[in-house]
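**Student:** Sharing a structure, written as structure tokens. Questions coming.
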Amino acid sequence: ALTAIAYLIVLVVYHFAAGDTLAEKGEVNLIKWQGIIPTLANFPVIVFAYTCHQNMFSILNEIKNPTHVRTTSVIVASIGTAASVYVLVAITGYLSYGNNVIGNIVAQYAPSVAATIARLAIVIMVGLSYPLQVHPCRASLDAVSRWRPQSSRASSSDRSPNDISPSRASLLGGSNGGANNTTTSKLTPSPSNRPRPDEMSELRFACLTTCIIICSYLVAMTVSSLDKVLAYVGSTGSTSISFILPGLFYYKISAPDSPHAQRLVKDEDDEGYDSAAGGGGGGVEEAGSPTEEGGSGGLWRRDSSWTQKVRGKQWRQALLRKLSLALAGYGVVVMGVCLVVNTFFIVAH
């Protein structure tokens, strides 16, 4: 798939450098406002292009040491590479055909061996990247179908979140086979080859995969415009994954009555107080002695510093909760506007 992408990039850049598309080239505008409707119609395509969040959970499970720095490095590298490729193809493709460029630029090239190979490369790219999209979709459908109200799950409250979360399935195989779970799998070997109750059975796996493939095939046979597909997918799925769901997830788990938030706050407060108490250099005994220099006064200063940090953290968490809800609302507005524009203004014309 990566080889096919590289070939398509080389083909677009080659035709631009060769200048063999001048006969079909339209007007080229470096900066020209086309209006609010075309802008809103193309916005979901851009959102779709940079939406890869659905694989982030599996990738996070497979990182050996998933620190914030490592995770950020993976995100920057992937998005940076994608942005470089998209910008290169977009600029050279537009400069090749100007305003006459269409959504699938390969279809505009004159029939030749290179163009035929490019069409085959698109088929290979879609065929090999399709499983990467099916994997999170199947895991999400499995998680949704397994969901039960809180009352019916009371009997299984003693199970850890890792055991009841089917979304931790690894891209490389095994439902809990990520790099972070290697120690657990070694300590608790499975007594048989039968899947655990929380794992996806082979029959369930086959049924979900078959349904996804059939639905994808029906859409592919019904819709012939690639840019319209990207626009609708970007308006619905991409806005949900990029804006709506992340905001709602954070707003939910950061609620003061959420057990996840309470556990995280307690751990962070304990660590912060321990570091503040041990930062004076003399320990608790020195801090508690009023006769020594920096005794009770040093303890009071450390307690005051720790209290200020806690208050600042609470203020930041409250602000982040409001911003997360605003992000979800922004996603709903973007979804509604883009769907209306693509349905009633673009498709109608």
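Read-outs: derived from the displayed coordinates by stated rules, not from any lab. Note that the structure is a prediction, hence the values are computed from the model and not measured. Cβ placement follows ideal geometry from the backbone for every residue including glycine, while neighbour counts extend to all protein chains displayed.
**Student:** Extension gain GLU24-ALA206, at 0.36 nm per residue separation less the Cα-Cα distance, in nm?
**Tutor:** So the extension gain works out to 60.8 nm.
**Student:** On to the next question. Give me LYS322, LYS228 sorted ascending by neighbouring Cβ count inside 10 Å, so fewest comes first. Show your work: numbers first, answer last.
**Tutor:** Details: LYS322 10, LYS228 16.
Going from least to most buried by this count: LYS322, LYS228.
**Student:** For segment 43-87, report the convex hull volume of the alpha-carbon atoms normalised per residue, in Å³, without decimals.
**Tutor:** Convex hull of Cα atoms, per residue: 73 Å³.
**Student:** Determine the gain in length on full extension of the stretch LYS32-ASP227; use 0.36 nm per residue of separation and subtract their C-alpha separation, reporting nm with one decimal.
**Tutor:** Fully extending the segment from LYS32 to ASP227 adds 68.1 nm.
**Student:** Right, next: What does a probe at VAL134 reach in segment 221-239, counting residues whose amide N is under 19 Å from the point 7 Å along Cα→Cβ?
**Tutor:** 221-222
**Student:** Could you grab the relative contact order for segment 20-151? Cα pairs under 8 Å, six or more apart, rounded to a whole percent.
**Tutor:** Taking the mean separation of contacting Cα pairs over the length of segment 20-151, I get 40 percent.
**Student:** Moving on. Any idea how far apart ASN55 and LEU323 come out in nm if each label point goes 7 Å out from Cα toward Cβ?
**Tutor:** Going by the 7 Å Cα→Cβ label model, 2.8 nm.
**Student:** Using only Cα positions of segment 1-80, each an equal point scatterer, no hydration layer, compute I(q)/I(0) via Debye at q = 0.15, 0.20, 0.21 Å⁻¹ and quote the log10 values to two decimals.
**Tutor:** -0.91, -1.08, -1.10
**Student:** To continue, here is another question. On full extension of the chain, what length is gained from SER78 through ILE213, given 0.36 nm per residue of separation minus the C-alpha to C-alpha distance?
**Tutor:** The span from SER78 to ILE213 would gain 45.9 nm if fully extended.
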